[in-house]
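Since every read-out is calculated from the coordinates, none of them should be taken as a lab result. Note that this is a predicted model, so its numbers are computed, not measured. Reconstructed Cβ throughout: ideal geometry from the backbone, glycine too, with neighbour counts over all protein chains shown.
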Amino acid sequence: MIARALRHPSFLIGAVLSLLICTVALASLFWTPEDPTKMRILMRLKGPSAEFWLGTDQFGRDVASILMVGARNALLTGLVAVAIGLGFGLMLGVMAAQMKGRWIDDAIMRALDFVFAFPAVLSAILILTFLGPGLVNAVIAIGIFNIPVFARVARGATLQVLARDFIRAAQLARVPKLVILRRHVLPNIAGLMIVQASTQFALAILAEAGLSYLGLGTQPPNPSWGRMLNDAQTFLAMSPRLALLPGLAIALSVLAFNLLGDGLRDILDPRLEER
Amino acid sequence: MKPFLQVDNLARHYSLPARDFWGRRERFVALEGASFEVPEGQILGVVGESGSGKSTLARLLVGLEPPDVGSITLGEQHVRAGEAHSGPLRDVQMVFQDPFGSLDPRMRILDSIAEPLDHAGLSLSPDERLSRVVGMLERVGLGSGALRRFPHQFSGGQRQRIAIARALITRPRLLVADEPVSALDVSIAAQILNLLLDIRAEFGLTMVFISHDLGVIRYMADRVIVMQGGKIVEAGDTEVLFASPRHAYTERLLSAMPRF
Ligand SMILES: Nc1ncnc2c1ncn2[C@@H]1O[C@H](COP(=O)(O)OP(=O)(O)OP(=O)(O)O)[C@@H](O)[C@H]1O
Ligand SMILES: [Mg+2]
């Protein structure tokens, strides 16, 4: 399995990039080159130097430090949003599949369709105008819109697994329903769920950046890549670097977690193991 | 002699998703009025074209689905339509048609074969469990090297042997085999058929053997029932039925059979 992982290029690239981003985010808990909130009026909009590796922003704050803390917020957003979506979505989707043909399946899926029918970002904006802006509320809103996505994937995959004869065989072996779920259904849908999780993780990072860009997500002075983009607009002509860097960070994270998911799907599949 | 398996007037309907003008679901009769008996240790062949209700009969016999009408008596167990469905029957196992679908791709062979043992309420020690699985693996012609592997590492014939080992590990008294060789090459199929015959003799198994292949049925079965459109249209001892079919459908089936 490890040997297979090492020969899988997109997994390798994705893993290395994700690990790098995670390391940076973790490191920011203990150390950043400078205090990311400290303003220096005299050092506004400076280019990269030995002191400020990636230069300073319009308030003279260290861009490298802001990016590092921004990574932390982005990852946290992805993690919590995916946890909410995966936790509830998996449960609801598997339950709906188990109850297929009964009213409860219809009820679950119609309710989820209802959530899904709203454009996600628009509805997140709506929710945030009620709950008030802020990182926590943004993460919850993004997480809620992840639930139907995970539920649909889980339901479809579970139905496919339940239709196969090894489930009949397990029933004949008198394996209890919940044990069938745990030992046969979950392992067989795990690959799909992991791929979906990494996609949603990437999308959550993007969504958080979008909401923060609109001023509804992470609030100042807590750094966020999305807000950096917003702030950079005014100075786009003077210093495009300020928009480019957070943009790059967002793109890189999205790419990293998508590659990681694709790779994991292949590696987790025992059928691809050499004979 | 009292039959080991007795089936009376068995029927199964499925409701189709389509609704008629009054909003009622349409019913499809997959099996109707099926009655037959199988003495202990005998093989009953079930033959019929696709959609004739063979697999439906199999699912009812093993207790995966409840009958809508009729009853099944198996040894001391009774299943009657209308009574609460109690799930799979005791002492009954099944071998499925598709050996690529009947083994969980993510489960090691050891655990797949041991699954019926694990839930038989025996509380075996790990050593005992292992040695029973190894014993059964060897009986079906595979070595203990298979234990730690996954299904995809085996050919169709080998997988069907593994599926047979799983079916027999709890020493059932009735084995229902639903087209167990129709997904296999002829020479591999012959090996599997002989394995089933050997095991029948050794374990004193009673068997319901389903196939759409008359040659295979003739080779395996002591008695045969012929199914068409969910009904049993003819029944008889294998040699008698093959020598002088009485029903027009059986005759048609026989005349379509390649002769060697
Ligand atoms: N769950 C179900 N819901 C609706 N119809 C069903 C269901 N299961 C079986 N049927 C229908 O019942 C009929 C008999 O099916 P069955 O699988 O028993 O046939 P079969 O003789 O085993 O055919 P084959 O040789 O193709 O396996 C078929 O027409 C099938 O479409
Ligand atoms: Mg069938």
**Complete:** Output row, site B:Glu26, 7 Å Cα→C-beta label point, backbone N cut-off 14 Å, window the stretch B:38-54, residues none
**Request:** Within the stretch B:53-155, list the GluC sites (Glu not before Pro) lying in a DSSP loop whose Cβ has at most 10 other Cβ atoms in a 10 Å radius.
**Result:** B:Glu76
**Request:** List A:Arg7, B:Arg200 from most exposed to least, where exposure is judged by having the fewest other Cβ atoms within 10 Å.
**Result:** A:Arg7, B:Arg200
**Request:** Using a 10 Å cut-off on Cβ to Cβ distances, tally the other chain neighbours for every residue of B:232-245 and report the average as a whole number.
**Result:** 0
**Request:** Could you tell me what % of all Cα pairs in chain B have separations over 30 Å?
**Result:** 31
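Can you give me the span-like helices of chain A, meaning DSSP H runs with 24 Å or more of Cα extent along the axis and Kyte-Doolittle mean at or above 1.0? Walk me through the intermediate numbers first.
Working: long enough: A:9-30 (32 Å, 2.21); A:63-98 (51 Å, 1.73); A:135-162 (39 Å, 1.51); A:186-213 (39 Å, 1.15); A:241-268 (39 Å, 1.36).
Span-like helices in chain A: A:9-30, A:63-98, A:135-162, A:186-213, A:241-268.
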**Prompt:** Which of the lysines could a cross-linker bridge to A:Lys100, judged by Cα under 30 Å and excluding same-chain residues fewer than eight apart?
**Reply:** A:Lys177, B:Lys54, B:Lys231
**Message:** For a bin width of 10 Å, list the pair-distance distribution of chain A built from all Cα-Cα distances, rounded to whole %.
**Reply:** 7, 25, 28, 21, 12, 5, 2, 0
**Message:** Taking the 0 to 90 degree range and rounding to the nearest ten, how far is the long axis of helix B:126-139 tilted relative to the main principal axis of chain B, both from C-alpha atoms?
**Reply:** 60
**Item:** Estimated Rh, the stretch A:7-83: Kirkwood, alpha-carbon pairs, angstrom
**Value:** 13.7
**Asked** What distance in nm separates the simple spin-label points at A:Trp103 and A:Thr23, each placed 7 Å from Cα in the Cβ direction?
**Response** 5.7
**Message:** Let me check against my output: what whole-number percent is the relative contact order of the stretch B:150-260, with C-alpha pairs under 8 Å and at least 6 apart?
**Reply:** 19
**Prompt:** Can you give the alpha-carbon Rg of the stretch B:167-254 over 2.2 N^0.38 Å, where N counts its residues?
**Reply:** 1.14
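Considering all alpha-carbon pairs of the stretch A:1-144, what whole percent are spaced by more than 28 angstrom?
Percent of Cα pairs beyond 28 Å in the stretch A:1-144: 48.
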**Item:** Expected 222 nm ellipticity per residue - DSSP helices of 4 or more, -39500 (n - 2.57), all of chain A, to 500
**Value:** -24000 deg cm²/dmol
**Request:** Filter the trypsin sites (Lys or Arg not before Pro) in the stretch A:146-182 to those in DSSP coil with at most 14 other Cβ atoms within 10 Å of their Cβ, and list the result.
**Result:** none
**Request:** Mind computing the radius of gyration and Dmax over the alpha-carbon atoms of the protein assembly as shown? Å is fine for both.
**Result:** 31.4, 108
**Residue among A:Ser253, A:Ser239, A:Ser212 with the largest mean-square fluctuation in a Gaussian network model of chain A, springs linking Cα atoms under 10 Å** = A:Ser239
**Prompt:** Per residue of A:159-166, what is the mean number of Cβ atoms on other protein chains within 10 angstrom of that residue's Cβ?
**Reply:** 5
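Using only helices, what value at 222 nm comes out for chain B when you add -39,500 (n - 2.57) per DSSP H run of length 4 or more and divide by the total residues, to the nearest 500 deg cm²/dmol?
Working: 8 runs with 85 residues, N = 260.
The per-residue figure over chain B is -10000 deg cm²/dmol.
Compute the projected area of the convex hull of the Cα atoms of the stretch B:99-171, averaged over all viewing directions, and report it in nm² to one decimal place. Write down the numbers at each step before the final one.
Details: hull surface 17.2 nm².
If I average the Cα hull's projected area over directions, I get 4.3 nm².
Among the trypsin sites (Lys or Arg not before Pro) within the stretch B:202-260, which fall in a DSSP loop and have no more than 15 other Cβ atoms within 10 Å of their own Cβ?
Here the trypsin sites (Lys or Arg not before Pro) that fit, given the DSSP loop and packing criteria, are B:Arg246, B:Arg259.
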**Prompt:** Can you list the lysines whose alpha carbon sits under 24 Å from that of A:Lys46, skipping same-chain ones fewer than 8 residues off?
**Reply:** A:Lys38
